[in-house]
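The next block holds one structure in the form of structure tokens; read it before the comments.
Here, each number is a calculation from the coordinates, and none is a lab measurement. If you're wondering where the values come from, they're calculated on a predicted model, not measured in any experiment. Backbone-built Cβ (ideal geometry, glycine too); neighbour counts: all protein chains shown.
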Amino acid sequence: MKIHGYTQEDLLKMDPAPLRAILHERTHHTIEVMIYRILNGKLKKPPDFGDQARFVLEIWTKRGLPTNTPDILWCVRYVELADKLNAGKTVDLGTSMVEPFSKAELETVGKLLYQRRSIRQFTDRPVPDEIVKEILRAGLMAPQGCNVGSTRFIVLRTPEEWKLVQSDIPIENGVIIVICQDMSVYKALRFDEYVPQNIYYDAAAAADHMSLMAHALGLGACWLTHGEETQKRIREYFGLPETFVSRCHLIVGWPNEAPIKSERMSLNDVIIRR
């Protein structure tokens with residue numbers, strides 16, 4: 001069996017990061033996007049259902065790579081579901097349908113979405129590591145095309161490190177979270193050729209999730225982009241490979257300003273066709 005043109009021998013020798021991405025993507029495309037239509041009777045189960053994901057998972061396991069991380073357990077769960085369907089067994093997903101939020105919950109959502117502001121000045125109060133981790137986790141859980149798992153983070157805490165990022169917003173306190181991507185992941189799947197736009201959307205979604213979490217935790221954040229010079233400085237400073245590319249960054253800290261919330265055009269001005 002070949003996966004994206006790779007033989008078993010290729011996969012056995014492949015760097016773990018792109019191999020992991022291939023496992024994510026094959027689980028997504030050959031099981032996840034199909035299984036729910038199969039269960040609803042809208043799609044006939046193919047005879048090779050789950051074979052490709054199972055094949056890559058077996059290689060991952062054979063190489064002695066970690067099998068207890070959340071993402072790999074997610075892959076294992078889907079492979080097990082595919083095996084049950086192939087064996088003619090009843091599948092119990094253990095999930096529930098989405099339900100509308102209560103009025104109180106919607107008020108909280110509205111507070112999060114409509115009161116978030118870009119903050120550019122911060123107090124000298126340090127941001128604890130645990131809070132930074134909460135913000136990073138929000139970015140990690142953002143939507144990502146085909147669940148490839150390319151997102152990486154660098155947290156810059158010192159004035160020396162802040163100088164690595166060229167930005168029109170001066171930072172005096174707080175932290176800078178740099179949203180990066182391991183391009184070896186995209187290249188292994190040839191996404192840089194087939195869907196290059198996904199690369200930027202994935203990074204943007206992570207930055208947006210993190211800015212919302214920062215707001216929910218009482219911090220301020222400002223989401224910014226940067227160019228190739230900053231990308232190069234970060235790679236060289238941390239000794240990262242060429243495939244490691246920073247895309248944008250978030251300045252985060254305890255607010256020392258209360259700016260007026262920026263407004264947008266009315267919905268009538270932006271809806272082109274109802």
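How would I31, I260, I131 line up from fewest to most surrounding beta-carbon atoms within 10 angstrom?
So the residues, fewest neighbours to most, are I260, I131, I31.
Return the loop-located trypsin sites (Lys or Arg not before Pro) in the range 1-47 (DSSP other than H, G, I, E, B) with at most 14 other Cβ atoms within 10 Å of their own Cβ; answer none if there are none.
Hits after loop and neighbour filter: K2, K42, K44.
Test of understanding: what is the full-extension gain from L106 to T243, defined as 0.36 nm times their sequence separation minus their Cα-Cα distance?
My answer for the length gained is 45.2 nm.
Would you mind checking the pairs K103/K133; K2/K187; K13/K187; K84/K187; K163/K187; K13/K62 and listing those with alpha carbons more than 21 angstrom apart?
Too far apart for the 21 Å limit: K103/K133; K84/K187; K163/K187.
Loop-only trypsin sites (Lys or Arg not before Pro) in the range 155-233, please: DSSP not H, G, I, E or B, and at most 15 other Cβ atoms within 10 Å.
Taking the range 155-233 and a limit of 15 other Cβ atoms within 10 Å, the loop trypsin sites (Lys or Arg not before Pro) found are R157, K163, R190.
Could you check which residue among T27, T95, T123 shows the biggest mean-square fluctuation in a GNM of the chain with a 10 Å Cα cutoff?
Between T27, T95, T123, it is T95 that shows the largest mean-square fluctuation.
When the gyration tensor of the range 103-253 is built from Cα positions, what are the square roots of 5 times its three eigenvalues, in whole Å, from largest to smallest?
25, 21, 12
Could you work out the helix-only [θ] at 222 nm for the chain, with each DSSP H run of four or more residues adding -39,500 (n - 2.57) and the total divided by the number of residues, to the nearest 500 deg cm²/dmol?
Mean residue ellipticity at 222 nm (helix-derived): -14000 deg cm²/dmol.
Report, by chain and number, residues whose modeled amide H sits under 5 Å from the one on F244, excluding near sequence neighbours (fewer than 5 apart, same chain).
The list, which skips near neighbours in sequence, is M183.
Would you kindly derive the ³J(HN,Hα) couplings of the range 219-225 from the backbone phi angles with the Karplus curve 6.51 cos²θ - 1.76 cosθ + 1.60 (θ = phi - 60°), listing them in order in whole Hz, with x for Gly and Pro?
Ordered by residue, 3J(HN,Hα) equals 9, x, 8, 9, 8, 9, 10 Hz.
List the extent of the Cα atoms of the range 8-86 along each of their three principal axes, largest first, rounded to whole Å.
39, 24, 18
How would you rank S118, S96, going from fewest to most other Cβ atoms within 10 Å of each one's own Cβ?
Listed from fewest to most nearby Cβ atoms, that is S96, S118.
Please state the shape class of the range 132-205: rounded when a/c is under 1.5, otherwise prolate if a/b exceeds b/c and oblate if not, all from the C-alpha gyration tensor.
prolate
Going from the alpha-carbon gyration tensor of the chain, what semi-axes, largest first and in whole Å, does one get by taking the root of 5 times each eigenvalue?
37, 26, 17
Explain nothing, just the number: relative contact order of the chain, from Cα pairs under 8 Å at least 6 residues apart, as a whole percent.
Across the chain, relative contact order equals 22 percent.
Over the chain, what is the percentage of antiparallel beta bridges among all DSSP beta bridges, to the nearest 5?
Rounded to the nearest five, the antiparallel share is 95 percent.
Just rank D202, D48, fewest to most, by other beta-carbon atoms within 10 angstrom.
Fewest-to-most Cβ neighbours within 10 Å comes out as D48, D202.
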